[in-house]
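Read through the structure below, which is laid out as structure tokens, and then see the notes.
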DNA sequence: GTGGAGAAGATTTTT
DNA sequence: TCTTCTCCAC
């Protein structure tokens, strides 16, 4: 390995970052504020471990929360080192790997995604005499329970039997759901003492990213792998924990000291992303609601910066148009208005992909998308329609997988349960399988839909066909079904429209947060107000240069007209950090005066 | 197994 | 408000 490269890497870190990257031995907690170079630290740390011969690549276990984050770290390591690299994986993929290795004799389990798992669970519930509605409830309850370890399904008597049945079905069909992956790994390691010791001996260094999003079950898995004095590094930011609805337990951070005595804590408190004003506003807001929460004082590397702009709008339409108009001005649009604006304020030109509009509910994105497009602003709205999968699409999906010979047993049974018996017979399936080799994916899909006698003119199937049309070779059909084929591409010249959740981990020079009203932010249905606060904190700390908050005094929502009060969170931002934007009513007059000055 | 009336419920999203 | 779900009658 090139030592100079590593040295260069370490030299570019600030003292706290470097201390974290080169922390020698024992448990370590790195509290990394927004924009404080968390990924750099993780990457440098792995590079340092390897270069100092502290570990071989296979002795390092690096766990991230998403595949995307895992890829990013892998890629950065590849660039820096280009040698044999440690595997960076998610909890789920690591667990899967472990189970695969531990079960060579048995049939390989294939993970299925949540939608399919839910279907199977519901089938089981119906077979055991539960009603459909009840089945949905039970699934939710089970999901919650499965985030804990030891598992306590007995606490809900009706669930006990059902869960047993469900697991049996999963096993029989040779599939596994995501929660079960973690649980199976836990079962395996708690039972097989030798295997556990073997792993402990093998894995010398553990690094956990996004610790604030780890579930209790995942934490138990970590504890099984790491003795009390292990070389384990937790990286996270409790202020950015926003995923409790899918099992994250931010309180776990308080258990660390007891579970790993001698734990050292390092703060990364220099923020390279946001100006000081945004940081101060965001932390003040966070502290106001949770006085007991330790919110670190973040120092910006960029100076004071601009104030946080605040715009009050008459209603949601005015808000959407104001955002559209402001974006147009910022990018130096060609309308008369924009040219004047650009000249008057001496703005630097921006491109669309430097701008993001954030909001709490996907529903708000619809109007924004419409209005921005109306103004000729290109938009990028990844992952908007997550649950557009209807039963036709499900059937089609099953048949697609059967024809591609993936999880054949599972999909055959699921399809059979949804269609008439005689539909799914081997000889016609074989015919379809042969057809697959000859024709394009879109054409095949159409044939499959016709075979199932689905309504091929329905919007869902037409939409799917359209999206699949330009695909070749193999691809993930379920992604296309969920409308997620167009993933967030930041190089694409368009304004990003995102939920606050989806914005996590991203940054943009210019950020709008729309719908900053009581009832929306915090979302009234969420009882965890603190988490809503953290979500807003995440939103505010995405901005590099300019931050605009807006709210509407009236908003139509689910048929009701709601009177919009400003979000209480806005009131928690010190007034001196805010810059109210006034309504520029006398538009004509303004243009006139400006024209006059030109002739002066 | 289909269709229609009526009720319910409507976040956030990764693996 | 508007879409989706549920359930019962046919």
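A short reminder: the numbers here are calculations on the coordinates, not readings from a lab. Computed from a predicted structure; not experimentally measured. When we count neighbours, we look across all protein chains shown, and the Cβ atoms used for this are built from the backbone with ideal geometry, even at glycine.
Going by how many other Cβ atoms sit within 10 Å of their own, how do A:328, A:113 line up, fewest first? Before the final figure, lay out the partial values.
Numbers: A:328 19, A:113 13.
Ranked by crowding around the Cβ, least crowded first: A:113, A:328.
Using only helices, what value at 222 nm comes out for chain A when you add -39,500 (n - 2.57) per DSSP H run of length 4 or more and divide by the total residues, to the nearest 500 deg cm²/dmol?
Working: 25 runs with 282 residues, N = 600.
Roughly -14500 deg cm²/dmol at 222 nm, from the helical runs in chain A.
Evaluate the relative contact order of region A:38-138 (contact order divided by residue number), counting alpha-carbon pairs under 8 angstrom at least 6 apart; express in whole percent.
21
Go from 0 up to the bin containing the longest alpha carbon distance in region A:57-205, width 5 Å each, and give me the % of pairs per bin.
Reading the bins upward from 0: 2, 8, 15, 18, 17, 14, 11, 7, 4, 2, 1, 0.
FRET efficiency for residue A:133 and residue A:450, Cβ-Cβ distance as r, R0 = 30 Å, nearest 0.05?
Result of the calculation: an efficiency of 0.35.
Cα centroids of region A:24-45 and region A:408-481: how far apart, whole angstrom?
46
With r as the distance between the Cβ atoms of residue A:581 and residue A:370 and R0 = 22 Å, compute the FRET efficiency 1/(1 + (r/R0)^6) and round to 0.05. If you can, show how the numbers build up before the last one.
On the way: r = 22 Å, r/R0 = 1.02.
The pair residue A:370/residue A:581 has a calculated efficiency of 0.45.
Could you give the nm distance between label points at residue A:525 and residue A:558, where each point is 7 Å from its Cα heading toward the beta carbon?
Using points 7 Å along Cα→Cβ, the separation is 0.6 nm.
For Cα pairs less than 8 Å apart in space and 6+ apart in sequence, what is the mean separation divided by the residue count of chain A, i.e. the relative contact order in percent? Please list the in-between numbers first.
On the way: 908 pairs, mean separation 100.8, N = 600.
Answer for chain A is 17 percent.
Between residue A:440 and residue A:168, what length comes free when the chain is fully extended (0.36 nm per residue of separation minus the Cα-Cα distance, one decimal in nm)?
On the way: separation 272, 0.36 × 272 = 97.92 nm, distance 3.72 nm.
Net length gain for the segment: 94.2 nm.
Can you bin chain A into rounded, prolate or oblate? Criterion: square roots of the alpha carbon gyration tensor eigenvalues sorted a ≥ b ≥ c, rounded for a/c under 1.5, prolate for a/b above b/c, oblate for the rest.
Values: a/c = 1.77, a/b = 1.21, b/c = 1.46.
Since a/c reaches 1.5 but b/c is at least a/b, the shape of chain A is classed as oblate.
What whole-number distance in Å separates the alpha-carbon centres of region A:529-585 and region A:54-85?
That distance is 39 Å.
Given the peptides A:44-50, A:260-266, arrange them by the average over their residues of other C-beta atoms within 10 Å, most packed first.
Working: A:44-50: 23.1, A:260-266: 15.7.
Descending mean neighbour count gives A:44-50, A:260-266.
Highest first, please rank the peptides A:397-409, A:545-557 by the mean number of other Cβ atoms sitting within 10 Å of their residues. Kindly include the intermediate steps, with their values, before the conclusion.
Details: A:397-409: 19.2, A:545-557: 21.5.
Highest-to-lowest ranking by the protection proxy: A:545-557, A:397-409.
Quick one: Cα centre-to-centre distance for region A:499-518 and region A:207-261, in angstrom?
Result: 26 Å between the Cα centres.
Test of understanding: what is the full-extension gain from residue A:194 to residue A:52, defined as 0.36 nm times their sequence separation minus their Cα-Cα distance?
Numbers: separation 142, 0.36 × 142 = 51.12 nm, distance 2.98 nm.
Gain on extension, residue A:194 to residue A:52, equals 48.1 nm.
State, to one decimal in nm, how far the label point of residue A:462 lies from the label point of residue A:404, with both points 7 Å from Cα in the Cβ direction.
Computed distance between label sites residue A:462 and residue A:404 equals 2.5 nm.
How far apart, in nm, are the 7 Å Cα→Cβ label points at residue A:304 and residue A:39?
Simple spin-label model gives 3.2 nm for this pair.
Given Cα pairs under 8 Å that are at least 6 residues apart, what percent is the relative contact order of region A:37-97?
Values: 54 pairs, mean separation 23.1, N = 61.
With pairs under 8 Å counted, the relative contact order is 38 percent.
Given a Förster radius of 45 Å and the C-beta distance between residue A:126 and residue A:79 as r, what FRET efficiency does 1/(1 + (r/R0)^6) yield to the nearest 0.05? List each step's numbers first, then the result.
On the way: r = 52 Å, r/R0 = 1.15.
My answer for the efficiency is 0.30.
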